[in-house]
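Have a look at the structure below, then the notes.
The values are calculated or read from the model by the stated rules, or taken from the named source; none is laboratory data. Note that this is a predicted model, so its numbers are computed, not measured. So basically every Cβ, Gly included, is an ideal-geometry build from the backbone, and we count neighbours across all protein chains shown.
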Amino acid sequence: MRSTGLGRRLETAKFNPILACVAAGMWVAACASAPPTLTAAEQPLVKETVALMGEKGMASDKAIFIRLFKEESELEIWKARDDGRFYHFKTYPICNWSGEIGPKVSIGDKQAPEGFYTITPAQMKPNSSFHVAFNMGFPNAYDKSNGRTGEFLMVHGACKSAGCYAMTDALVEEIYAVAREAFRGGQSSFEVHAFPFRMTDEKIGRFKKHKWFKFWTTLKQGYDYFEINRVPPTVAVCERRYVVDVALPVGARINPDGQCPRFQKPQLAPFTPRPYDQQIAQQGTIVPGAKNKDTNEIMASGLSAPDTQTAPPVAGATASIPGEVGAATDTRAQAVPVGLSSQ
């Protein structure tokens, strides 16, 4: 009996295990060749950020330095260039921070830290519950020697804070990536200096009767050193206090509670930009974005019988970018170039 045309078509359509295996293999190969999904911690620097570094003569794998300012709600990144000095890269808006101006003292006070902190690769938090983050290292040697308590104080995303410095997710992702690339380039650690405000003579002069004035005058030494030299100072802790701008003895162990050894002062010429670097040295870049702390409210809570007398400006100091409460946008590509002006 001959097969009908329909029968022949049905036979052809029967399951063919060889063809099925070939098809499955092609599907697996296609999946294997698809690019993997990158986590937030592994996102590359966007092309606009890389281009800005190039315009400023910076390399993504070179050293960084970060400063935080509460009153202005700003985070600055500075990057080292080939002359060994640090140049301003970007100023980012801090979306939120908790408490008021003044250091963190104890668990539960919801204060964000102030002081000099060192960040190592182990403190990077790629799997943070707040997008990505890095741990500030509180309490450091100074904090511990003064009985200060607390833990898990971060710079992170999500724009909400209980003792941390909170950025928007998009901005903390870029900050994290800039730090990550510096570590990959060989920087073993970077410094974070957290201040209550930009520590000009005029601003600190308002707080001469404040309970934290003495502590802030020590922080100001670190602020002034960087403004003059464009290199983060070496900071030691002994006699339960910060000692700024010292040369640490090779191999010496310094007891934060013990007597300070005889330090030497490093010899460093004040920063003078090379003629062809003048524009780069004087121009900064501000990233617009939300700041949820009201400046007037911050100052009202922090002031305590202010003294209106001010000291003359530090000779030779180059002031940083003045703060602005930015627009509500959060776009890294919309960074605004501004001049670095005296305050």
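Exactly one residue out of Lys265, Lys208, Lys214, Lys203 is among the charged types (D, E, K, R), farther than 25 Å from Gln123 by Cβ, more than 26 Å from the chain's Cα centre (by Cα) and at pLDDT 95 or above, and it is Lys208.
Does Tyr165 satisfy the criteria of being under 16 Å from Glu191 (Cα atoms), under 15 Å from the mean Cα position of the chain (by Cα) and buried (at least 23 other Cβ atoms within 10 Å of the Cβ)? When the stated conditions are applied, Tyr165 passes them. Within the stretch 114-133, if we keep just the residues that are part of a loop (DSSP other than H, G, I, E, B) and touching a residue at least 60 places away in the same chain (Cβ under 8 Å), the residue that is surrounded by the fewest Cβ atoms within 10 Å (Cβ to Cβ) turns out to be Asn127. From the list Gln221, Gln259, Gln282, the one residue that fits, being within 30 Å of Val50 (Cα to Cα) and among the polar types (S, T, N, Q), is Gln282.
Among the residues of the stretch 245-261, the one identified as closer than 24 Å to Ile228 by Cβ and either out of contact with any Ser or Thr (no Cβ under 9 Å at 6 or more places or on another chain) or in contact (Cβ under 8 Å) with a residue 40 or more places away in the chain (or both) is Cys260.
Please specify each residue of the stretch 84-131 satisfying the condition of being closer than 23 Å to Asp169 by Cα, among the hydrophobic types (A, V, I, L, M, F, W, C) and touching a Lys or Arg at 6+ places or on another chain (Cβ under 9 Å). Once the filter is applied, which keeps residues that are closer than 23 Å to Asp169 by Cα, among the hydrophobic types (A, V, I, L, M, F, W, C) and touching a Lys or Arg at 6+ places or on another chain (Cβ under 9 Å), the stretch 84-131 yields Phe89, Ile94, Cys95, Trp97, Ala112, Met124, Phe130. Selection of the stretch 185-209 for residues being within 18 Å of Arg148 (Cβ to Cβ) and in contact with a Ser or Thr (Cβ under 9 Å, 6 or more places away or on another chain) yields only Val192. The criterion of being surrounded by fewer than 22 Cβ atoms within 10 Å (Cβ to Cβ), assigned to a loop (DSSP other than H, G, I, E, B) and touching a Phe, Trp or Tyr at 6+ places or on another chain (Cβ under 8 Å) does not hold for Gly186.
For the stretch 138-178, filtered to residues that are part of a loop (DSSP other than H, G, I, E, B), touching a Gly at 6+ places or on another chain (Cβ under 8 Å) and within 20 Å of Glu74 (Cβ to Cβ), the residue that is modelled with the lowest pLDDT is Gly163. The lone criterion from (1) on the phi > 0 side of the Ramachandran plot; (2) part of a strand (DSSP E or B) left unmet by His193 is number (1).
Taking into account only those residues within the stretch 82-113 that are basic (Lys, Arg) and without any contact (Cβ under 8 Å) to a residue 60 or more places away in the chain, which is nearest to Arg274 (Cα to Cα)?
Taking the stretch 82-113 first, the residues basic (Lys, Arg) are 85, 90, 104, 110.
Among the residues that remain, those that are also without any contact (Cβ under 8 Å) to a residue 60 or more places away in the chain are: 104, 110.
On the way: Lys104: 40, Lys110: 44 Å.
Selected residue: Lys104.
Can you tell me which residue in the stretch 208-217 is farthest from Arg67 (Cα to Cα), limited to those that are charged (D, E, K, R) and not in a helix (DSSP H, G or I)?
Within the stretch 208-217, the first condition is being charged (D, E, K, R), and the residues that meet it are 208-209, 211, 214.
Narrowing further to those that are not in a helix (DSSP H, G or I): 208-209, 211.
Working: Lys208: 23, Lys209: 25, Lys211: 23 Å.
Here the residue is Lys209.
For the stretch 109-126, name all the residues that are more than 22 Å from Cys159 (Cβ to Cβ) and not polar (S, T, N, Q). Result: Gly115, Phe116, Pro121, Ala122.
Matching residues to (1) assigned to a helix (DSSP H, G or I); (2) touching a His at 6+ places or on another chain (Cβ under 8 Å); (3) of a type outside the set (Val, Ile, Thr):
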{"residue": "Arg180", "(1), (2), (3)": "yes, no, yes"}
{"residue": "Met199", "(1), (2), (3)": "no, no, yes"}
{"residue": "Glu202", "(1), (2), (3)": "yes, no, yes"}
{"residue": "Arg206", "(1), (2), (3)": "yes, no, yes"}
{"residue": "Leu219", "(1), (2), (3)": "yes, yes, yes"}
{"residue": "Phe226", "(1), (2), (3)": "yes, yes, yes"}
{"residue": "Val237", "(1), (2), (3)": "no, no, no"}
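Taking the condition in contact (Cβ under 8 Å) with a residue 60 or more places away in the chain, part of a loop (DSSP other than H, G, I, E, B), small (Gly, Ala, Ser) and crowded, with 20+ Cβ neighbours inside 10 Å, does Ala59 pass? Taking the combined requirement at face value, the residue does not satisfy it.
Can you name every residue in the stretch 59-75 that is over 25 Å from Ala122 (Cα atoms) and not basic (Lys, Arg)? Break it down stepwise before answering.
Narrowing the stretch 59-75 to residues over 25 Å from Ala122 (Cα atoms): 70-73.
Answer for the stretch 59-75, where residues must be over 25 Å from Ala122 (Cα atoms) and not basic (Lys, Arg): Glu71, Glu72, Ser73.
Apart from one condition, Asn96 fits all of (1) modelled with pLDDT under 95; (2) out of contact with any Gly (no Cβ under 8 Å at 6 or more places or on another chain); (3) polar (S, T, N, Q); the exception is (1).
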